[in-house]
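Undergrad: This structure is in structure tokens; I'll ask about it shortly.
The values are calculated or read from the model by the stated rules, or taken from the named source; none is laboratory data. This structure is a prediction, so every number in the text was calculated from the model and none was measured. Here the Cβ positions follow ideal geometry from the backbone for every residue, glycine too, while neighbour counts run over all protein chains shown. Surface areas here come from the heavy atoms of the whole protein model, side chains and all, with no ligands, DNA or RNA. Shrake-Rupley method; radii C 1.70, N 1.55, O 1.52, S 1.80 Å.
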Amino acid sequence: MSAQLIDGKQIAADIRGEIKTEVEEMKTRTGKVPGLATVLVGTRKDSQTYVRMKKKACKKAGIASFGHDLPEDISQEELLKIVRELNANPDVHGILVQLPLPDHIDEEAILGAINLEKDVDGFHPINIGRLSMKRREPLFVPCTPKGCIELLDRTGVEIEGKRAVVLGRSNIVGLPVAMLLLHRNATVSICHSRTKDLPGVVREADILVAAVGRAEMVRGDWVKPGAVVIDVGMNAVDDPTSEKGYRLTGDVAFDEVKEVASAITPVPGGVGPMTIAMLLRNTTNSAKHHLKMV
Ligand SMILES: NC(=O)c1ccc[n+]([C@@H]2O[C@H](COP(=O)([O-])OP(=O)(O)OC[C@H]3O[C@@H](n4cnc5c(N)ncnc54)[C@H](OP(=O)(O)O)[C@@H]3O)[C@@H](O)[C@H]2O)c1
């Protein structure tokens with residue numbers, strides 16, 4: 001293997017350690033700890049797992065978590081009422097509504113109802129709007145994109161002036177990560193399902209962020225020698241040799257690309273752990289803001 005492995009698991013553990021120390025200091029100084037409310041609607045297994053992991057991570061860092069597990073058929077009005085109650089609760093500094101929501105719920109209306117100052121997922125239209133504009137600071141940046149940048153920073157990768165290619169333009173990953181790279185003065189191309197000559201565009205990248213949800217789509221000969229590759233993809237592929245019958249793989253053909261890139265994130269153990277670490281970071285920053293510590 002020629003590429004440096006970007007160990008997201010270790011970097012996330014370091015960040016979680018830093019947060020734990022900050023939370024202890026906060027408790028000593030103010031008698032309060034950060035609080036995160038998670039709102040889960042329905043019984044999707046993946047959503048349940050994500051929420052459980054988030055609550056567990058909160059506990060380890062000393063952050064209080066407030067869980068709302070709601071039935072699939074909850075009405076929009078009832079859900080809005082819960083969000084408003086959480087907005088008014090002074091012990092809650094962050095509100096996370098686990099997506100996707102059931103079809104009968106207007107996602108935009110729910111995300112828009114979250115108090116801007118508690119929008120630790122960073123999906124409120126105003127936070128996204130600010131992220132997309134020059135010289136406007138969002139209060140919170142979405143966790144997975146923020147985690148990608150943190151991985152680059154903590155690996156010592158310079159972003160300014162680099163050609164960055166983002167594969168995918170979703171609201172939760174592709175678009176915000178492209179904005180963050182742009183704010184850091186990279187020259188950014190955003191690719192999607194209608195992009196022509198995808199391998200050719202990807203080959204221009206000094207920094208490649210892959211977020212398409214297509215297992216091992218990016219091949220070794222798509223990547224410029226020496227590029228830094230951040231693989232956001234999390235795809236379950238059948239694997240009869242594994243106990244669960246499947247394994248997780250990224251959007252990048254790791255074994256091929258690691259021979260060409262200068263640094264690469266593994267899947268699992270790359271971007272995934274950073275998403276939760278960034279959620280704890282946003283929640284702790286929010287608590288500091290609410291408690292007037294910053
Ligand atoms: N590690 C984490 O914490 C984390 C967090 C979130 C997501 N993820 C993973 O990241 C991946 C992307 O997630 P997402 O929510 O952004 O997915 P998404 O909403 O499905 O968006 C996928 C994007 O990829 C583009 N795309 C799909 N197929 C393509 C193709 N063959 N060629 C070029 N572009 C293509 C789509 O283009 P169009 O816009 O043209 O349709 C779209 O912009 C998934 O594997 C997901 O599981 C991981």
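Undergrad: Counting pairs of alpha carbon atoms under 8 Å apart in space and at least six apart in sequence, what relative contact order in percent does region 112-196 give? Before the final figure, lay out each step's value.
TA: Values: 120 pairs, mean separation 21.3, N = 85.
Reported as a whole number, the value is 25 percent.
Undergrad: Shifting gears a bit: What does DSSP give for region 135-290 in terms of the percent of beta bridges that are antiparallel, rounded to the nearest 5?
TA: Working: 4 of 20 bridges.
The antiparallel proportion sits near 20 percent.
Undergrad: Mind giving me the FRET efficiency for residue 4 and residue 77? R0 is 41 Å, r the Cβ-Cβ distance, nearest 0.05 is fine. Don't skip to the answer; put the middle values down first.
TA: Values: r = 51 Å, r/R0 = 1.25.
Working from the Cβ atoms, E equals 0.20.
Undergrad: Please determine, in degrees from 0 to 90 and to the nearest 10, the orientation of helix 271-290 with respect to the longest principal axis defined by the Cα atoms of the chain, where the helix direction is its Cα long axis.
TA: 40
Undergrad: Please list the non-local residues whose amide H lies under 5 Å from the amide H of residue 167, H modeled 1.01 Å from N, same-chain partners needing a gap of 5 or more.
TA: Correct list: 191, 209, 210, 211.
Undergrad: Just check region 19-83 against the gyration tensor rule for me: Cα atoms, a ≥ b ≥ c as the square roots of the eigenvalues, rounded for a/c under 1.5, and otherwise prolate or oblate depending on whether a/b exceeds b/c. The partial results should precede the final answer.
TA: Values: a/c = 5.30, a/b = 1.91, b/c = 2.78.
Taking the square roots of the gyration eigenvalues as a ≥ b ≥ c, region 19-83 is oblate.
Undergrad: Here's a follow-up. Which of 264, 190, 290 sits farthest toward the positive end of the charge dipole of region 141-294, with +1 on the Cβ of Lys and Arg and -1 on the Cβ of Asp and Glu?
TA: Toward the positive end, the furthest listed residue is 290.
Undergrad: Over the chain, what is the relative contact order in whole percent, taking alpha-carbon pairs under 8 Å and six or more residues apart?
TA: Values: 582 pairs, mean separation 64.2, N = 294.
Over the chain, the number comes to 22 percent.
Undergrad: Hey, which aspartates and glutamates would be in cross-link range of residue 224, C-alpha to C-alpha under 20 Å, not counting anything within fewer than 8 residues on its own chain?
TA: Within the straight-line cut-off, residue 224 pairs with 158, 160, 197, 204, 206, 216, 251, 255, 256, 259.
Undergrad: What accessible area per residue comes out for the chain, rounded to a whole number of Å², with a 1.4 Å probe? Let's see the in-between values first.
TA: Working: 14340 Å² over 294 residues.
Using a 1.4 Å probe on heavy atoms only, each residue of the chain averages 49 Å².
Undergrad: Next question. May I ask you to evaluate 6.51 cos²θ - 1.76 cosθ + 1.60, the Karplus curve with θ = phi - 60°, for each residue of region 231-241 and list the ³J(HN,Hα) values in order in whole Hz, giving x for glycine and proline?
TA: 9, 7, x, 9, 10, 8, 10, 4, 8, x, 7
Undergrad: What relative contact order, as a whole-number percentage, does region 77-134 give when Cα pairs under 8 Å and 6 or more residues apart are counted? List each step's numbers first, then the result.
TA: Values: 42 pairs, mean separation 20.3, N = 58.
This gives 35 percent for region 77-134.
Undergrad: May I pose another question? Got a number for carbon plus sulfur as a percent of the chain's accessible area, 1.4 Å probe?
TA: On the chain, the fraction of accessible area on carbon and sulfur atoms equals 51 percent.
Undergrad: Which ³J(HN,Hα) values, rounded to whole Hz and listed in residue order, are derived for region 154-162 from phi using the Karplus coefficients 6.51, -1.76 and 1.60 in 6.51 cos²θ - 1.76 cosθ + 1.60 with θ = phi - 60°, glycine and proline given as x?
TA: 6, 9, x, 7, 7, 9, 3, x, 7
Undergrad: Residues with amide H under 5 Å of residue 218's amide H, sequence separation 5 or more or different chain, H placed in the peptide plane at 1.01 Å from N; which?
TA: When sequence neighbours closer than 5 places are left aside, the close amide H contacts are 252, 253.
Undergrad: Quick one: 3J(HN,Hα) in Hz for region 171-182, Karplus 6.51/-1.76/1.60 with θ = phi - 60°, rounded, Gly and Pro as x.
TA: With coefficients 6.51, -1.76 and 1.60, one gets 5, 8, 10, x, 5, x, 5, 5, 4, 5, 5, 5 Hz.
Undergrad: A follow-up question, please. Please report how far the C-alpha centroid of region 187-211 lies from that of region 274-294, rounded to the nearest whole angstrom.
TA: Taking the Cα centre of region 274-294 as reference, the centre of region 187-211 is 32 Å away.
Undergrad: When only alpha-carbon atoms count, how far does the chain stretch along each of its three principal axes, as whole angstroms with the largest first?
TA: 53, 41, 39 Å, listed from the longest principal axis down.
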